[in-house]
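**Q** Okay, here's the structure, questions in a sec.
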Ligand code: FVH
């Protein structure tokens, strides 16, 4: 089977993993990095090292970019826009939705296709269909290159607005940080009474996957409807329960700022007259800022 040629610009930890996955899937892969020595192991595994970004982008119709930030992307691509015309750039560099939209408009002005991407994995997960790669931007570019992109991880199409992949990315990282911080706070609390993190964590994971994700599914419908019936647990109930967490932490000298933030939000909603609503009501407080 004929696999399309691909160029990868940027061979940091992630760019190297991307190039490796493409090589493993049988693509002719041309690579370029500001510090060329990093390409050595990839070249040993079959990649072609380009001497300049211009040479690299001329080698393939599909160009993946994964560098530090969008300033680096523009600095890298600006001098080679002439060679990019008619090709497609898939930008897997992390950035804001605004940067993604601006870069897509800039690409359109120079006559090349643009897809913005967000990698929901660390380098060891690249190449596994279990890893999600989010894309938004040109539907035509996504359709043409979907199969190649599947070599990196499952390609998830988020539509035509090029900013949406970056929006999901920051939002999902927020979910990750909130979850990891909550779990680390909990391990500190349990650890204060001698419970090992390795003993606590399987129970925490079961709670998250068996119950909390279920709450999220039901509450998403409430958020979209703007209606928050407290028919599972009311904010009045949460208010009492979170008081126990705050007190247990204080008694053990644990930093309480994380649960106190949730406690303050619950308190505001209850004082505002919404004590009989579900936890999903708090979205209104986030919206008010
Ligand atoms: N590593 C990860 O787990 C995360 C997962 C989610 C997505 N991110 C994003 O991927 C981008 C690259 O991250 P990385 O982990 O590969 O980062 P580094 O290993 O530090 O490599 C950075 C590469 O960027 C090159 N670079 C930096 N500045 C410039 C520039 N002005 N012009 C050209 N290239 C530049 C750097 O080159 P060098 O230092 O080797 O010469 C590396 O190739 C990032 O957006 C993450 O948020 C990864």
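**Q** What base-10 log of the normalised intensity I(q)/I(0) is obtained for the stretch 97-176 from the Debye formula, alpha carbons as equal point scatterers, at q = 0.19, 0.26, 0.27 Å⁻¹?
**A** Reported log10 I(q)/I(0), two decimals: -0.79, -1.22, -1.26.
**Q** If you don't mind, there's one more thing I want to ask. Can you tell me how much longer the chain between residue 44 and residue 58 gets when fully stretched, taken as 0.36 nm per residue apart minus their C-alpha distance, in nm with one decimal? Can you show the working numbers first?
**A** Working: separation 14, 0.36 × 14 = 5.04 nm, distance 2.17 nm.
Between residue 44 and residue 58, full extension yields an extra 2.9 nm.
**Q** Moving to a separate point now. Once you place label points 7 Å from the Cα toward the Cβ at residue 96 and residue 81, how far apart are they in nm?
**A** Between residue 96 and residue 81, the label points sit 2.2 nm apart.
**Q** With every atom except the alpha carbons ignored, what do you get for Rg and Dmax of the chain, in angstroms?
**A** Cα only, the chain: 23.5, 66 Å (Rg, Dmax).
**Q** Rounded to the nearest angstrom and ordered from largest down, what semi-axes does the equivalent ellipsoid of the stretch 6-160 get from its C-alpha gyration tensor (root of 5λ)? Write out the running numbers ahead of the final one.
**A** On the way: eigenvalues 85, 70, 38 Å².
Each semi-axis is the square root of five times an eigenvalue, giving 21, 19, 14 Å.
**Q** Considering only DSSP beta bridges with both partners in the stretch 95-204, what is the antiparallel share in %, to the nearest 5? Let's see the in-between values first.
**A** On the way: 6 of 10 bridges.
Bridges in the stretch 95-204 that DSSP calls antiparallel: roughly 60 percent.
**Q** Running a GNM on the chain with Cα contacts under 10 Å, which residue among 218, 19, 165 ends up with the highest mean-square fluctuation?
**A** Taking springs between Cα atoms under 10 Å, the residue moving most is 218.
**Q** Let me ask something else about it. Just want to confirm a number: the relative contact order over the stretch 196-288, from Cα pairs under 8 angstrom separated by 6+ residues, in percent. Numbers along the way, then the final one.
**A** Working: 68 pairs, mean separation 34.1, N = 93.
Computed value for the stretch 196-288: 37 percent relative contact order.
**Q** Given the options 139, 162, 202, state which has the largest fluctuation in a GNM of the chain using a 10 Å cut-off (strictly under) for Cα springs.
**A** Residue with maximal mean-square fluctuation among 139, 162, 202: 202.
**Q** Something else about it: Compare 65, 212, 80 in a GNM of the chain, Cα atoms joined below 10 Å, and give the one with the largest fluctuation.
**A** 212
**Q** How many percent of the alpha carbon pairs in the stretch 196-288 exceed a separation of 21 Å?
**A** 41 percent
**Q** Then there is this: So what's the back-of-envelope 222 nm ellipticity for the chain, counting only DSSP H runs of four-plus at -39500 (n - 2.57) apiece and dividing by all residues, rounded to 500?
**A** -15500 deg cm²/dmol
**Q** Another question, then. Antiparallel DSSP bridges in the chain: what percent, to the nearest 5? The partial results should precede the final answer.
**A** On the way: 7 of 29 bridges.
Bridges in the chain are about 25 percent antiparallel.
**Q** Express in whole angstrom the spacing between the alpha-carbon centres of the stretch 160-178 and the stretch 194-214.
**A** 25 Å
**Q** Place a label point 7 angstrom from the Cα of residue 227 along the Cα-to-Cβ direction, then list the residues of the stretch 261-285 whose backbone nitrogen is under 15 Å away.
**A** Within reach of a label on residue 227: 277-278, 281.
**Q** What is the gain in length, in nm to one decimal, between residue 146 and residue 260 on full extension, counting 0.36 nm per residue of separation less the C-alpha to C-alpha distance? Intermediate values should be presented prior to the final figure.
**A** On the way: separation 114, 0.36 × 114 = 41.04 nm, distance 4.50 nm.
Contour length minus Cα-Cα distance gives 36.5 nm.
**Q** Next up: Could you state the number of Å between the C-alpha centres of the stretch 238-271 and the stretch 45-65?
**A** One Cα centre to the other: 54 Å.
**Q** Once fully extended, how much extra length lies between residue 72 and residue 237, figured as 0.36 nm per residue of separation less the alpha-carbon to alpha-carbon distance? Write down the numbers at each step before the final one.
**A** On the way: separation 165, 0.36 × 165 = 59.40 nm, distance 4.98 nm.
The span from residue 72 to residue 237 would gain 54.4 nm if fully extended.
**Q** Another question about this same structure. Among DSSP bridges having both ends in the stretch 6-160, what percentage is antiparallel? Round to the nearest 5. Could the numbers behind the result be given before it?
**A** Values: 6 of 28 bridges.
Looking only at bridges with both residues in the stretch 6-160, the antiparallel portion is about 20 percent.
Computed from the coordinates by the stated procedures, all read-outs in this text should not be read as laboratory data. Please read all numbers here as calculations on a predicted model, not as lab measurements. Here the Cβ is made from the backbone with ideal geometry for all residues, glycine too, and neighbour counts use every protein chain on show.
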